[in-house]
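The next block holds one structure in the form of structure tokens; read it before the comments.
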Amino acid sequence: MVGKRGPILITCQNPDCAYFLIEEGKNITKNGHNPAGNQQYFCHHCRRYFIETKNTPLYHSRLPRSEVLLIAKHSMEKTSIRGVSRVLNHHRDTISKYYHLIGKHAEILNDHYINGISPGDCEFDEIWSFIHKKNKNLLPHDPSEYGDFWTYTGFKRESGLMISFSSGKRVEETCEIMLNSFFERMELPLPDNKISIYTDGNYQYSSIIPDLYCESCIEYGQVIKLKEQNRLISVIRAKIFGNPKIKSISTSVVEGYNNKIRQRLSRFTRKTASFSKSVFGYETSLNIFQFVHNFIDLKYDHQTPAMLESITEHRWNWYEFLSHHIQL
């Protein structure tokens, strides 16, 4: 006797279909397995077949899923690509290929799920690294992306959610990209539901933030650290907009999470031989970190930042991350 069929949890993965990624109204049936053992589906709207790994890093993978899973986990354990290659016995180009596939998948999921975040206390900061070589070693004919490279990060203080980041030279344009992304992913603050923002003394924030938020909807304070000969001599907490509490003006949370980036990603270690060779690889690692930090890593009370922000009701695992399909 044939058992009752379970629900079809996947949507059509054909971009040309009118029901591409759409749950409501879909008409999909299972259609056996392909030679690799993956479940095959048939969409009755576009009359196309597709397999369960379509639009995921597992699609057309020549490696077993268990090996792809190990590669993904190693990406967050401060191991260089050559080190992962030695441990898993795969060529470094293979490791790099899967890092790029996983990073692109993470970027899509981050864009889809990190939206509509409620206003609260938020902190911004920058983290330094470099591409290929440091500024002091640059030659006149080197590509423009070589040299010191900065990442601007934005975290929500209460939950630790990494909302947005942007990478590039330490110029106002890089800062603006991060702040615009942050603004788009947050609910619009109101005078009775303000957003509180805390940064260091970087002038770029104070010049861009007024263009994004009404002054009546924001509390903004800066932590200005005065140093002499690389020694901290004084800390000034200044109110820039609104009336934030002086004791609340701090960037210790975002600085702690930026330190977590250095601890988890070998390319961000200050003195390292595992430095980034390209901007693409640099940003790939950050996209993976953002998803893993928000959806997989536990913060406290056995909850992830995404759970604390009610983005998801459960802690994701690595396989769910690698095999997940977006549904609209």
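The values are calculated or read from the model by the stated rules, or taken from the named source; none is laboratory data. Everything quoted here is computed from the prediction, not taken from an experiment. All Cβ positions, even for glycine, are placed from backbone atoms using ideal geometry, and neighbour counts span all protein chains on display. These area figures cover heavy atoms from the full protein model, side chains too; ligands, DNA and RNA do not enter into them. Shrake-Rupley method; radii C 1.70, N 1.55, O 1.52, S 1.80 Å.
Quick rundown of the values:
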read-out	value
Any hit, segment 235-249, residues being surrounded by 14 or more Cβ atoms within 10 Å (Cβ to Cβ), within 23 Å of residue 177 (Cβ to Cβ), more than 14 Å from the chain's Cα centre (by Cα) and touching a residue at least 24 places away in the same chain (Cβ under 8 Å)	yes
From the options 52, 67, residue that is of a type outside the set (Ser, Thr, Tyr) and touching a residue at least 40 places away in the same chain (Cβ under 8 Å)	52
Residue in segment 170-187 that is within 27 Å of residue 299 (Cα to Cα), among the hydrophobic types (A, V, I, L, M, F, W, C), surrounded by fewer than 16 Cβ atoms within 10 Å (Cβ to Cβ) and out of contact with any Pro (no Cβ under 7 Å at 6 or more places or on another chain) present	no
Hits in segment 176-203 (condition: part of a strand (DSSP E or B), over 18 Å from residue 223 (Cα atoms) and out of contact with any helix residue (DSSP H, G or I) (no Cβ under 7 Å at 6 or more places or on another chain))	186, 193
Residue satisfying condition, being of a type outside the set (A, V, I, L, M, F, W, C), part of a helix (DSSP H, G or I), modelled with pLDDT under 95 and open to solvent by less than 50 Å² (accessible area, probe 1.4 Å), within set 103, 83	83
Filtered residues of segment 68-80 (kept if open to solvent by 40 Å² or more (accessible area, probe 1.4 Å) and not in a helix (DSSP H, G or I))	77, 78, 79
Scan of segment 202-251 for residues that are among the acidic types (Asp, Glu) and either touching a Lys or Arg at 6+ places or on another chain (Cβ under 7 Å) or modelled with pLDDT of 90 or more (or both), ordered by number	211, 219
Cβ pairs under 8 Å, 6+ apart, first in segment 1-24 and on the phi > 0 side of the Ramachandran plot and at pLDDT 80 or above, second surrounded by 10 or more Cβ atoms within 10 Å (Cβ to Cβ) and in a loop (DSSP other than H, G, I, E, B)	21/11; 21/13; 21/325; 21/326; 21/327; 21/328
Candidates 129, 144, filtered to the one that is open to solvent by 40 Å² or more (accessible area, probe 1.4 Å), small (Gly, Ala, Ser), over 28 Å from residue 54 (Cβ atoms) and not in a helix (DSSP H, G or I)	144
Selection count where residues are surrounded by fewer than 20 Cβ atoms within 10 Å (Cβ to Cβ), in a loop (DSSP other than H, G, I, E, B) and hydroxyl-bearing (Ser, Thr, Tyr), scope segment 279-328	2
Tally, over segment 209-234, of residues that are open to solvent by less than 50 Å² (accessible area, probe 1.4 Å) and either assigned to a loop (DSSP other than H, G, I, E, B) or farther than 30 Å from residue 284 by Cβ (or both)	9
Qualifying positions in segment 147-175 - charged (D, E, K, R) and in contact with an Asp or Glu (Cβ under 9 Å, 6 or more places away or on another chain)	156, 157, 158, 169, 170
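Here is a yes/no grid of residues against (1) more than 20 Å from residue 328 (Cβ to Cβ); (2) hydrophobic (A, V, I, L, M, F, W, C); (3) assigned to a loop (DSSP other than H, G, I, E, B):
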site	(1), (2), (3)
14	no, no, yes
18	no, yes, yes
25	no, no, yes
31	yes, no, no
53	no, no, yes
56	no, no, yes
61	yes, no, yes
66	yes, no, no
